[in-house]
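Note sheet for the following structure.
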Amino acid sequence: MPHQVFLSYSTKDTAATEAVCRFLEARGVRCWMAPRDIPVGHDWAEAIIGALNRCPVMVLIYSSNANASTQVTREVQRAFEKGLAVFPFRIEAVQPNPGLEYYLGSVHWLDALTPPLESHMGKLAAAVEKALKRHADGDAAVEFPAAPPRPRATAESGSKKGILFAGTFAGLLALGGAAWWFTRPAQSTPQPHPSASVETAEPIPAAAEPPPLPEPTPKEAPALPSAASPQEATRELPWRDSFARAYLPVPGTDVLFALWPTRVNDYKAFVAATETEWPKASFEQEPDHPAVNITWNDAQAYCDWLTRHEADTGRLPSGYHYRLPTEAEWNRAVGLDETTAPDDSKGPYPWGSQWPPPPDAGNYAASLEVDAFAHTSPVGSFAPNRFGLFDMGGNVWQWCAEKPGPEYRTARGGSWMSSTARELSLHYALQAVPVYRNAGYGFRCVLAPVP
């Protein structure tokens, strides 16, 4: 599959860029990222130009580092010359330099200013996929909605924009020289995981190229911002496990909830390590969809395995373990408290008090006509709740720790098959035997103190 998205970024933002790259590629969007996709000994400037010639979309990881990078400005300039759809993904609130503002002043900016970074990637992926579809359909131009508010130049600097840009453009030509006009290279084979990116258009000799590195293991996951300890975790600075997955605090509990349900890729690691039986869903699932066909016993076994795995990696603090949430913890996480009457025959619902649910309320049954997904959807496809948690309603039923009787366990939240007001009430608790397996059942973990 050819590359579809060129990732433009500063080396200082490598961790964030790798996270975006993984998220897009998990959804089937092939990204080009230097130096990963530059063959050893290949001319760097030529490879970059070749990738820009082939990719219909650019994602710019925009920050103060990117704003100060001459190479990033060159790449953006070339992207517009070639007619790429450019999406600035802003991870820091800074004013664009004159050269970037000239090109980016009229395009749609996607903001990812509030942590965790993952909570904004769904919107980016949706925009990229829409642009790729239009390109595949033969539409030459991609229309963007009006850009959201962002830092702008002052009136004085704006009046001088033409002069400043002319100077900037001349400087770029002097720095870039003839490197921009290399002929289009042949399709190159993707290389292993990068150790650095490129901040200069000057070719790097083959001898200076670092040797290929292996793909990262979970212990080597990018160092996304993480709290120093579970006690210090906040919504803005979550705790992260060794797979870089985020866990957020919920007021009224002493546990940290996983940002979203356990995904297909997450569960695959457990299946491979334990040789657990896992029947495949009857419909297509991507790596970032919630894992389904999970029994309560399976979910418990996963939490136990994750606890052991994290202890072995040295990431799990003493006195903590991973487990399923209790129903009391779930109630708090969906916004219920002790003063809310336990009536499961009507709302409140995850989206509010009205029935039926409004458009994009979540992934529910097709008969409700509120979403575009026939089955499961990528986690994070809909807005988070007020605690920053995704898919607390819809997508998959999620097992809880309770044992209401020797034969039954509980599940909460509803699924992509749920259609009744009773099922979608925040209070409703579904009961099933612990070996029950269904394409609407999944789970999420919490990090909790050991009793």
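3J(HN,Hα) along segment 239-252, derived from phi through the Karplus expression 6.51 cos²θ - 1.76 cosθ + 1.60 where θ = phi - 60°, amounts to 6, 10, 7, 6, 8, 6, 7, 8, 10, 10, x, 10, x, x Hz, with x in place of Gly and Pro. Looking at segment 383-451, the GluC sites (Glu not before Pro) that sit in a DSSP loop and have at most 12 other Cβ atoms within 10 Å of their own Cβ are E407.
Couplings 3J(HN,Hα) for segment 74-81, derived from phi with the Karplus relation 6.51 cos²θ - 1.76 cosθ + 1.60 (θ = phi - 60°), are 4, 5, 5, 4, 5, 4, 6, 4 Hz, where x marks Gly and Pro.
Annotation: Cα Rg of segment 1-86 relative to the compact-globule expectation 2.2 N^0.38 Å equals 1.00.
Full extension of the chain segment joining A301 with L237 gains 20.2 nm, where the gain is 0.36 nm per residue of separation less the Cα-Cα distance.
If you model segment 333-451 as an ellipsoid using its alpha carbon gyration tensor, with each semi-axis the square root of five times an eigenvalue, the axes come out at 22, 17, 15 Å, biggest first. Please state the shape class of segment 276-388: rounded when a/c is under 1.5, otherwise prolate if a/b exceeds b/c and oblate if not, all from the C-alpha gyration tensor. It comes out oblate by the Cα gyration axes. Using the average count of surrounding beta-carbon atoms within 10 Å as a protection proxy, the listed peptides 240-246, 432-438 rank, highest first, as 240-246, 432-438. Our coupling estimate for segment 400-410, obtained by passing each phi through the Karplus curve with A = 6.51, B = -1.76, C = 1.60 and θ = phi - 60°, is 10, 6, 4, 10, x, x, x, 10, 10, 10, 10 Hz, Gly and Pro reported as x.
On the basis of the beta-carbon distance and an R0 of 45 Å, A93 and N265 show a calculated FRET efficiency of 0.90. Database remark: amide H of W32 closer than 5 angstrom to the amide H of Q4, V5, F6, L7 (H placed geometrically; neighbours at sequence offset of 5 or more, or on other chains; Pro and chain starts carry no H).
Taken together, the values in this text are just the output of simple stated rules run on the coordinates, not laboratory data. The structure displayed is predicted, hence computed values, not measured ones. Please note: Cβ atoms are built from the backbone with ideal geometry, for glycine as well, and neighbour counts cover all protein chains shown.
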